[in-house]
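The values are calculated or read from the model by the stated rules, or taken from the named source; none is laboratory data. Treat the numbers as computed from the prediction; the structure is a model and nothing was measured. When we count neighbours, we look across all protein chains shown, and the Cβ atoms used for this are built from the backbone with ideal geometry, even at glycine. The protein model used for the area step is the full one, side chains on, heavy atoms only, and it has no ligands, DNA or RNA in it. Shrake-Rupley method; radii C 1.70, N 1.55, O 1.52, S 1.80 Å.
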Amino acid sequence: MLHRRLSKGAPVGLRAKFNLLLFVIALVGAILFALAANPLVDSIARDEVLQSSRIMMESAAGARKYTSEQIAPVLKPMIGAHFYPQSVSAYAAKRNFDVIRGKFPDFAYREAALNPTNPQDRATDWEADIIDDFRTHPEKQEVSFIRATATGPMLELARPLVNKAACLECHNTAATAPASMVALYGSQNGFGWKTGEIIGAQVVSVPMSASAVRAEHIRKLFVIPFVVFLVLLFVSVNLLLNFVVIRPIERIAKTAEAISMGEINTPEYRYGGSDQIGRLSASFNRMHRSLIEAFRMLRDE
């Protein structure tokens, strides 16, 4: 009875050992996958958000160009009597970004300057640092970095604003600037600009939560196929183990058990393969036939 219980329990133990080994391998694989994939996923997500910021920056640049080339010439003759902010390229860029903020309220766009006409555009300390860096390194066309804020980390993308000759019509001196503009903003700010001077920076701010959301989406795209692969691996190995190893061993064990109980005429189990299980089955069958022949010889004596 003890032998019978052991023979019945052995296949279950074998399957459990294989599954335990597979589980350990899968766990180690998952840990290695996470260690390797997480930095890559975060980098991909950050690059995608940065690329989206560049697209928003280009959209603002397009609004600036359209305004300076198409709108400003039309409004220029009327500015003497009344100043139209719609003729200013920076105004157009900010109003264009307001459309984006309608769907993404946490996003921000600024055209920060050290000496702006409109005090609302005066650079904060960290924006002034960016402008100073652009002035120190005029070859730089773009900078990006993560900035800690009270509402969470923000991805900042900045590009320099270079003063053009056309801008001097309004920003050379208060005396030569349109009177309507001086009347609106005063004569103290926004003058003395030089051609080719970096007077400010375009800054797009995007919350890092957008990057986190994108990273989570990409992570799921990685994890789902990996989990499916592990499930298929478990199922495939268990099916293979059952049909190629466990069931043949169970048949051989039942045959051996029957013979050990004196049933020497038990039919042979024939395994179709030529692998290790096949050789085991063939060897057992030869032993079985030898045992039957020995019994016959003893009986004939």
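Along the axis of the charge dipole computed for the stretch 169-301 (Cβ charges of +1 for Lys and Arg, -1 for Asp and Glu, origin at the Cα centre), the listed residues Ile218, Phe229, Val244 are led at the positive end by Val244. Seen through its C-alpha gyration tensor, with square-root eigenvalues sorted a ≥ b ≥ c, the stretch 52-125 comes out oblate because a/c lies at 1.5 or above while a/b is not bigger than b/c. Extension gain, Asn118-Ala282: 0.36 nm per intervening residue step, less the Cα-Cα distance, totals 49.5 nm. Extending 7 Å from Cα along the Cβ direction at Asp275 and again at Val24 yields two label points whose distance is 2.2 nm.
Note the count of lysine pairs whose C-alpha atoms are less than 16 angstrom apart in the chain, limited to pairs 8 or more residues apart or on different chains. Lysine pairs, 8 or more places apart or on different chains, close enough: 7. For Gln202, the residues whose modelled amide H falls within less than 5 Å of its own, excluding neighbours fewer than 5 places apart on the same chain, are Arg159, Leu161.
Computed over the Cα atoms of the chain, pair by distinct pair, the Kirkwood hydrodynamic radius stands at 26.6 angstrom.
Around the Cα centre of the chain, unit charges on the Cβ atoms of Lys, Arg, Asp and Glu (plus for the first two, minus for the last two) sum to a dipole of about 1300 debye.
Note that the stretch 224-238 has calculated 3J(HN,Hα) couplings of 4, x, 5, 5, 4, 4, 5, 5, 4, 5, 4, 5, 5, 5, 5 Hz, one per residue in order, obtained from phi through the Karplus relation 6.51 cos²θ - 1.76 cosθ + 1.60 (θ = phi - 60°); glycine and proline are x. Per residue, the average separation of C-alpha pairs within less than 8 Å and at least 6 apart gives the chain a relative contact order of 20 percent. Candidates Ser274, Val203, Ala16 compared by Cα position along the dipole of the chain: farthest toward the positive end lies Ser274, with charges placed on Cβ. Please state the charge dipole magnitude for the stretch 193-293, taken about the Cα centre, from unit charges on C-beta atoms (+1 on K and R, -1 on D and E), reported in debye and rounded to the nearest 20. Taking the Cα centre of the stretch 193-293 as origin, the dipole is about 240 debye. Between Asp125 and Leu40, the C-beta separation translates, for a Förster distance of 41 Å, into a calculated FRET efficiency of about 0.75.
Would you compute, from DSSP H runs of 4+ residues alone, the mean residue ellipticity of the chain at 222 nm, taking -39500 (n - 2.57) per run and dividing by the full residue count, rounded to the nearest 500? Value at 222 nm, helices only: -20500 deg cm²/dmol. Between helix 247-260 and the chain there is an angle of about 20 degrees, using the helix long axis and the longest principal axis of the Cα atoms. Computed with a 1.4 Å probe over protein heavy atoms only, the accessible surface of the chain comes to 61 Å² per residue. Gln70 to Phe222: FRET efficiency via 1/(1 + (r/R0)^6), r the Cβ-Cβ distance, R0 41 Å, to the nearest 0.05? For Gln70 and Phe222, the calculated efficiency is 0.30. With R₀ fixed at 41 Å, the C-beta to C-beta distance from Asn242 to Glu263 puts the FRET efficiency at about 0.95.
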